[in-house]
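To keep things clear, I will list the structure first and then write my remarks on it.
The values are calculated or read from the model by the stated rules, or taken from the named source; none is laboratory data. Since we're looking at a predicted model, the values are computed, not measured. Reconstructed Cβ throughout: ideal geometry from the backbone, glycine too, with neighbour counts over all protein chains shown. Ligands, DNA and RNA are stripped out before the accessible areas are found, and what is left, the full protein with its side chains, is counted by its heavy atoms. Shrake-Rupley method; radii C 1.70, N 1.55, O 1.52, S 1.80 Å.
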Amino acid sequence: MPRILDQRILLLVISFSASVQSTKVLSEWKKCGDLECEKAMSRVQATTDYLGPDCRYLNFKTGEEIIVYSKLSRENENLWAGSKGKDFGYFPRDAVKVEEVLIGEEVEVLTKETDFLCLHEDKYTFE
């Protein structure tokens, strides 16, 4: 019986640490096409398959088209955020190539904690 309890405690600790990590702010700043980050910045095509580490990341296959809405700046400049169909998330900029630029100028804005939330079973996970 104590061994089962130890295993359950270990699973709980692992689950909790994964949850905390998945709501961590990835950068304090981001660049967008407008102040609300609603305007599409560019259209890109995946040059490799990508599977993100948690639900904040966008998974895709080589050749898929992604619309970019923001780019993290200052810290983690290698992460962009965009959508593929109804899926939205972060991905490394070196996993895509720009096909079309849709804006003339980028604006830098502060990120919000809500920029980095995971959606699990219709509920937001907060830190």
key: Within the range 51-81, considering residues that are surrounded by 18 or more Cβ atoms within 10 Å (Cβ to Cβ) and among the hydroxyl-bearing types (Ser, Thr, Tyr), the one nearest to the chain's Cα centre (by Cα)   = Tyr57
message = Return the residues of the range 79-104 that are more than 21 Å from Tyr50 (Cα to Cα) and at pLDDT 95 or above; say none if nothing qualifies.
response = Val101, Leu102, Ile103
query = Which ones in the range 83-109 are open to solvent by less than 40 Å² (accessible area, probe 1.4 Å), without any contact (Cβ under 8 Å) to a residue 40 or more places away in the chain and touching a Phe, Trp or Tyr at 6+ places or on another chain (Cβ under 6 Å)?
reply = Gly89
ask   = Can you pull out the residues in the range 26-42 that are open to solvent by less than 60 Å² (accessible area, probe 1.4 Å) and either in a loop (DSSP other than H, G, I, E, B) or over 26 Å from Leu110 (Cβ atoms) (or both)?
value = Leu26, Ser27, Gly33, Asp34, Cys37, Ala40, Met41
